[in-house]
Amino acid sequence: MKKILVVLILIIFLSGLVIYEEINVNNSLNWIYEESLDLQAYTIDAEHINTTEVLSRVENIHEEWKKYENKLCFLINHKNIQDMSTQLTYMKSYVSSDDYEDFTASLALVVHYTDLFRHLIGVSVQGIF
Amino acid sequence: MFTIIIRSIIIYIVVLFLFRFMGKRQIGQMQPFELVLTLIIADLATIPMSDVTIPVLHGVVPLLTLVVAHFILTFITRKSILFGKFVNGKPVIVINPNGIDFEALQSLNLTIDDLFEAIRGCNYFNLEQISYAIMETTGKISVVPKMEFAPVTCGDLDIKLEKTTIPITIICDGKYLDENAKLANVSKSFIDDILKKEKISKIKEVLILTIDGDGKAYFQAKGKNSKVFNVKLLKGTGV
């Protein structure tokens, strides 16, 4: 009876963890992914880039990332999180120094990382195999 | 470094809980699926221990999942004989009164040398002495000897013996085991009398004291030699 209880508790814990991961990670990463894509589209299409606006949007993304970073540490490899934080920091300094070529490269990496995390965390046949 | 220490302790506690939960058989004779589980656990546990970039949950969650899977598997194995046979296999008779069953050996992928080695491990050195040899699902061989070569028992010699009792540990490493004393139906004052006779003032000075149902006590104080003596037990004392 005791063992059955322990197993039930474990099943509930594991299920709770899966649900927590799905909700939290998807919520945080979806927003950052969408914002990054928007920013990417803006920097590619715009004839004249408004540095202040780009910097403000990058800072928004960075602030949002910092909020979720502590939670994501439990679920995602720390090295991947580090890489993402590094690229966001680079983006800010590239924008400040009007280096839009390197900024575009970093932004592409940020889009790639968020998409990668979503695929890693999400349930998919490719992920399982 | 501190992070690695804490991670190691967490993983160690989880693995300890795992083996404790799965039972003593895990450490003793293992069924095939238990052996697989043990090997996997060893590998899984070390991954997050030393690599600080991997979240601890990435090590703990697979371990806990295996506990649940193991429980479900053993539960089904207990309830369904067919499933149990499928997962564990079944015991195979490799030697019968007609001799070695070579087909059975081949089905188990065993050679004659392997068979002899296993039989010698059971302290039988001559095939002539063996009536049956059974290869268990754990890979161990059980031997049923021929009657004329079987060890003699007290029943064979018609020797009458008193009831078998087991010695119960009353004091272990300076600690008085209250539960065991209740099992043996001996009181604290009874033990105090024994210690007084042995000129021991404190229980802390005793390394071990066991008493069996026949009143035989094994006693050793710390830093001294062991002694065996008889004690007068009340009726109903002992196991």
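Select, from A:83, A:98, A:38, the only residue that is more than 14 Å from every other protein chain (Cβ to nearest Cβ), over 30 Å from residue B:19 (Cα atoms) and in a helix (DSSP H, G or I).
Answer to the check: A:38.
Can you name every residue in the stretch B:120-175 that is modelled with pLDDT under 85 and surrounded by 15 or more Cβ atoms within 10 Å (Cβ to Cβ)?
Answer for the stretch B:120-175, where residues must be modelled with pLDDT under 85 and surrounded by 15 or more Cβ atoms within 10 Å (Cβ to Cβ): B:137, B:138, B:139, B:165.
Condition first: touching a Pro at 6+ places or on another chain (Cβ under 8 Å), within 25 Å of residue B:21 (Cβ to Cβ) and at pLDDT below 85. Can you find one or more residues in the stretch B:89-101 that meet it?
Yes: the stretch B:89-101 contains one or more residues that are touching a Pro at 6+ places or on another chain (Cβ under 8 Å), within 25 Å of residue B:21 (Cβ to Cβ) and at pLDDT below 85.
Is one or more of the residues making up the stretch B:131-139 farther than 30 Å from residue B:113 by Cβ and among the aromatic types (Phe, Trp, Tyr)?
No, every residue in the stretch B:131-139 fails to be farther than 30 Å from residue B:113 by Cβ and among the aromatic types (Phe, Trp, Tyr).
Only residues that are in contact with a helix residue (DSSP H, G or I) (Cβ under 7 Å, 6 or more places away or on another chain) and either closer than 20 Å to residue A:7 by Cα or within 14 Å of chain A (Cβ to nearest Cβ) (or both): list them for the stretch B:62-89, please.
Within the stretch B:62-89, B:62, B:63, B:64, B:65, B:66, B:67, B:68, B:70, B:71, B:73, B:76, B:77 meet the criteria.
Considering each of A:12, A:76 in turn, give the residue that is surrounded by fewer than 17 Cβ atoms within 10 Å (Cβ to Cβ) and either closer than 30 Å to residue B:72 by Cα or within 14 Å of chain B (Cβ to nearest Cβ) (or both).
After applying the criteria, what remains is A:12.
Among (1) exposed (fewer than 14 other Cβ atoms within 10 Å of the Cβ); (2) touching a residue at least 24 places away in the same chain (Cβ under 8 Å), where does residue B:199 come up short?
Only one criterion is unmet by residue B:199, namely (2).
Just to verify a result, which residue in the stretch B:15-70, among those that are under 26 Å from the mean Cα position of the chain (by Cα) and outside any helix (DSSP H, G or I), is modelled with the lowest pLDDT?
The residue in question is B:27.
Kindly evaluate residue A:59 against the criterion of being exposed (fewer than 15 other Cβ atoms within 10 Å of the Cβ), more than 30 Å from residue B:69 (Cα to Cα) and either within 11 Å of chain B (Cβ to nearest Cβ) or over 12 Å from the mean Cα position of the chain (by Cα) (or both).
Yes: the conditions hold for residue A:59.
The values are calculated or read from the model by the stated rules, or taken from the named source; none is laboratory data. Bear in mind the structure is a predicted one, so any value in this text is a computation, not a measurement. So basically every Cβ, Gly included, is an ideal-geometry build from the backbone, and we count neighbours across all protein chains shown.
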